[in-house]
Amino acid sequence: MITTACSKQLLPTSILDIKCFNQLSDTGNARVSLLHMQRRFKIILVIQGGGEHIINKQHHPLHDNAVYAALPGQAHQMITDPNAMGYILSFNMTCIQNGTIDYTIAQDSTVLQSFFSRRPKLLLLPELTDDLVWIIRRLMAEMYHEDELQPDITNKYIKLLLLYLRRQIEKETTQLTIHRGSLLFRDFLLLLENNFMEKRSVEAYAQELCISSKHLTTVVKKESGFPPLYHIHQRMVLEAKRKIKESGASLKEIAWLLGYGDIAHFSRLFKKIAGDNFTDYKRSLSIGVLPINPGADIWD
């Protein structure tokens, strides 16, 4: 079981100071920090226990195995359950920004601040929480050393801590991108189903989705293996097949029903998608033999 180790008041370094949740003001029913305007970049690691992380009057519930942050210029307050466990790390932004420490730490700090400016929390696997706790405890131990190596060792542990968090952010961002791609593909298919009779171009669907044609093509091809135009043509020919089966109409009549004024163009499209020309496909229905689509690798 993880326990925090803040029985003694920790001495802040010029770069960083660390507190445990049990060092917040105890009101009996909760532990509370004063509402204040942030001057430092603050990272809050919640190991376990409930409470609230309040940023600019917005209340975010605390979760086990999660990281929260307070950015410079934000109004911040913490309220935790009496038995909640976690750490609060406050980074001196002047030291980070003026090059007092490794410049790559400033880069990692910028990535974290950018993430937390958009998202209230970063969820962790319990194993990652254990790793972060180990690093924080090593940082706490270094705070009591005053030898010439202490700043370098402290910087290395800070760098390691930020790298672990940055890796988790990049994983979460990648997963979110994949999820967004799936949602966009789904939205495209829904739009296509409802608008295939009126909209025939990739540009028309991209405009409906408020994205560029290039981005729509990239996402749809990644999700399905085929570009948007392939799906548009597939849906049109599927509708043509349905009308042939229902009415036995001629090529000219089907083309007109689907809004194609150029019959020759529609005939070529039908053959390209269906794998056989219109006449042969219609004949195959009468004898119960359907042509096999040889596949489509021509829609890039």
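Test Asn194 against the stated conditions and say whether it is in a helix (DSSP H, G or I) and outside the structural domain of Cys20 (by TED's automatic domain parsing).
yes
Among the residues of the range 65-109, count how many are at pLDDT 80 or above and polar (S, T, N, Q).
Matching residues across the range 65-109 total 6.
Within the range 64-81, which residues are outside any strand (DSSP E or B) and either of a type in the set (Phe, Trp, Tyr) or within 17 Å of Arg31 (Cβ to Cβ) (or both)?
Asp64, Asp81
Tally up the residues in the range 245-267 that are outside any helix (DSSP H, G or I) and free of Cβ contacts under 8 Å to residues at least 24 places away in the same chain, please.
Qualifying residue count, the range 245-267: 5.
So how many residues does the range 167-215 have that are under 27 Å from Ala255 (Cβ atoms), surrounded by 12 or more Cβ atoms within 10 Å (Cβ to Cβ) and among the aliphatic types (A, V, I, L, M)?
So the count comes out to 7.
In the set Arg180, Arg167, which member is out of contact with any Pro (no Cβ under 8 Å at 6 or more places or on another chain), modelled with pLDDT of 80 or more and either of a type outside the set (S, T, N, Q) or not in a helix (DSSP H, G or I) (or both)?
Answer to the check: Arg167.
Pull up the range 234-262, narrow it to residues that are in contact with a Leu (Cβ under 8 Å, 6 or more places away or on another chain) and over 18 Å from Phe196 (Cα atoms), then point me to the one that is surrounded by the fewest Cβ atoms within 10 Å (Cβ to Cβ).
Among those residues, the one meeting the criterion is Lys245.
Tell me which residues, restricted to the range 30-41, are buried (at least 20 other Cβ atoms within 10 Å of the Cβ) and within 9 Å of Leu71 (Cα to Cα).
Phe41 - this is the single residue of the range 30-41 that is buried (at least 20 other Cβ atoms within 10 Å of the Cβ) and within 9 Å of Leu71 (Cα to Cα).
The values are calculated or read from the model by the stated rules, or taken from the named source; none is laboratory data. The structure displayed is predicted, hence computed values, not measured ones. Positions of Cβ are generated from backbone atoms using ideal geometry, with glycine treated the same way; all protein chains shown enter the neighbour counts.
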